[in-house]
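Visitor: Below is the structure I would like to discuss, written out as structure tokens.
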Amino acid sequence: MLDYDGLQVAYLGVALAHYLDVETGDILDVPLDDPPPGDAERYRRIPTRTPETEAEDRRLFAQKHAHLAHVVEDAMEFRRLLSEDRLTERKFFNFKNDQATKAIEEWARGEGLE
């Protein structure tokens, strides 16, 4: 059984490379400059968010929160506006987590891990 919570944390984290040990279910955190673990059949690189993914999440979220539409391409301004409205900010982070869950589930299916 996959640890979807752990996979989601790995997907959202960009400071390290993350690998799933398909034999044990453990998630390995490796410095980005280090080589991947040796056995490619055993260790699968967990995808992470990209700037494009972040921008797409802002665009999709702004479709239902029109007051953010004009800053969707400016990540800093988008976050600033979010910080002024705690309810909308919470909704955005819940939305972002849901998007991460969908991405990880899709990745797991594509890797034949489900």
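Visitor: Could you tell me how many of the residues in region 1-37 are surrounded by 13 or more Cβ atoms within 10 Å (Cβ to Cβ), under 12 Å from Thr101 (Cα atoms) and either without any contact (Cβ under 8 Å) to a residue 40 or more places away in the chain or aromatic (Phe, Trp, Tyr) (or both)?
Guide: 6
Visitor: Right, next: Within region 38-60, identify whether any single residue is among the basic types (Lys, Arg) and farther than 22 Å from Ala17 by Cβ, and answer yes or no.
Guide: Yes, because at least one residue in region 38-60 is among the basic types (Lys, Arg) and farther than 22 Å from Ala17 by Cβ.
Visitor: Just one of (1) surrounded by 12 or more Cβ atoms within 10 Å (Cβ to Cβ); (2) within 19 Å of the chain's Cα centre (by Cα) trips up Met76, so point out which.
Guide: Every listed condition holds for Met76 apart from (1).
Each value in this text was obtained by applying a stated rule to the coordinates, not by laboratory testing. What you see is a predicted model, and the numbers here were worked out from it, not measured in a lab. Note that we place each Cβ from the backbone using ideal geometry, even for glycine, and neighbour counts take in every protein chain shown.
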